[in-house]
Amino acid sequence: MQARGTSPTWLFAYGSLLWRPGFSFDERVRGYIRGWSRRFWQGSPDHRGVAEAPGRVVTLVPSELELCWGVAYRLGDSTREAILDSLDLREQGGYERHSVEFHCADGHRSGAFSALVYLAGPENPHYLGPAPLYSIAEQARRAQGPSGGNLDYVLRLSASLGELGVQDDHVEELAALLRDQWPGAGRPD
């Protein structure tokens with residue numbers, strides 16, 4: 001139950017938080033945010049790569065007419081601060097917390113509400129920016145870090161979006177290229 005005068009804290013997930021949130025939550029709903037696109041433009045020197053050979057992970061980039069689909073997690077009142085502290089540490093490689101308007105579209109709940117999101121903009125030191133898809137695929141195929149291979153990250157993201165019924169062209173084109181060019185890529189572990 002929410003205390004009087006406070007509102008629930010929601011967190012929008014669009015990358016690895018889809019399949020590996022790493023925290024407990026009170027509710028998970030499907031939906032989207034407007035004006036953002038998911039792109040493999042952020043370097044990962046600490047999870048899906050190392051400083052000398054960073055991987056590529058997703059961030060959000062402004063895109064006026066786009067919708068970025070994912071899920072929102074409602075954090076529990078008693079665990080909210082500990083969860084956010086933990087996520088601040090997990091996302092320290094260039095990501096910052098921002099507030100977005102999340103549009104719920106899960107069939108059980110509707111409407112829009114404010115949600116927190118972690119995104120990494122071009123001003124952070126690990127931002128890699130756009131590149132030809134083949135170059136992104138080659139980097140993702142080779143990169144390995146403490147959280148596993150970058151290839152696994154791409155394929156898990158593709159599978160998670162598929163489970164949500166979401167078609168993200170950038171993610172799917174990259175996943176398809178990885179599977180076609182490197183047939184051993186197969187499916188995520």
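The values are calculated or read from the model by the stated rules, or taken from the named source; none is laboratory data. From a predicted model like this one, the values you see are computed outputs, not experimental measurements. Note that we place each Cβ from the backbone using ideal geometry, even for glycine, and neighbour counts take in every protein chain shown.
Might you check whether a residue that is surrounded by 14 or more Cβ atoms within 10 Å (Cβ to Cβ), touching a residue at least 12 places away in the same chain (Cβ under 8 Å) and among the charged types (D, E, K, R) occurs anywhere in segment 127-139? Scanning segment 127-139, I find no residue that is surrounded by 14 or more Cβ atoms within 10 Å (Cβ to Cβ), touching a residue at least 12 places away in the same chain (Cβ under 8 Å) and among the charged types (D, E, K, R), so the answer is no.
Listed residues 77, 106; which is surrounded by 13 or more Cβ atoms within 10 Å (Cβ to Cβ), over 19 Å from the mean Cα position of the chain (by Cα) and either among the β-branched types (Val, Ile, Thr) or modelled with pLDDT under 95 (or both)?
77
The residues of segment 10-34 that are in a strand (DSSP E or B) and surrounded by fewer than 17 Cβ atoms within 10 Å (Cβ to Cβ), listed by number, are 27, 28, 34.
Residue 83 satisfies every condition listed in (1) within 14 Å of the chain's Cα centre (by Cα); (2) buried (at least 18 other Cβ atoms within 10 Å of the Cβ) except (1). If you check 37, 7 for being at pLDDT below 95 and either part of a strand (DSSP E or B) or surrounded by fewer than 22 Cβ atoms within 10 Å (Cβ to Cβ) (or both), only one passes: 7.
At positive phi and either loosely packed, with under 14 Cβ neighbours inside 10 Å or touching a Lys or Arg at 6+ places or on another chain (Cβ under 9 Å) (or both): is that true of residue 165 in this structure? In short, yes. Can you name the residue in segment 40-60 that is surrounded by fewer than 22 Cβ atoms within 10 Å (Cβ to Cβ) and more than 17 Å from residue 156 (Cα to Cα) and, of all such residues, is farthest from the chain's Cα centre (by Cα)? So, considering only residues that are surrounded by fewer than 22 Cβ atoms within 10 Å (Cβ to Cβ) and more than 17 Å from residue 156 (Cα to Cα), the one farthest from the chain's Cα centre (by Cα) is 52.
Exactly one residue out of 90, 187, 179 is farther than 23 Å from residue 11 by Cα, crowded, with 16+ Cβ neighbours inside 10 Å and modelled with pLDDT under 95: that is 179.
Counting only helices (runs of 4 or more DSSP H) that fall entirely inside segment 76-164 and contain at least 2 residues that are polar (S, T, N, Q), the qualifying elements are 133-142, 150-164. Taking segment 40-51 as the range and being among the charged types (D, E, K, R) and at pLDDT below 95 as the test, only 46 passes.
So, in segment 40-58, of the ones that are part of a loop (DSSP other than H, G, I, E, B) and touching a Pro at 6+ places or on another chain (Cβ under 6 Å), which residue ends up nearest to residue 116 (Cα to Cα)?
Among residues in segment 40-58 that are part of a loop (DSSP other than H, G, I, E, B) and touching a Pro at 6+ places or on another chain (Cβ under 6 Å), the one nearest to residue 116 (Cα to Cα) is 45.
The set of residues from segment 26-54 being in contact with a helix residue (DSSP H, G or I) (Cβ under 6 Å, 6 or more places away or on another chain) and either without any contact (Cβ under 8 Å) to a residue 12 or more places away in the chain or among the aromatic types (Phe, Trp, Tyr) (or both) comprises just one member, 40. Here 110, 78, 99 are screened, and the one residue that is farther than 26 Å from residue 167 by Cβ, without any contact (Cβ under 8 Å) to a residue 40 or more places away in the chain and touching a strand residue (DSSP E or B) at 6+ places or on another chain (Cβ under 9 Å) is 99.
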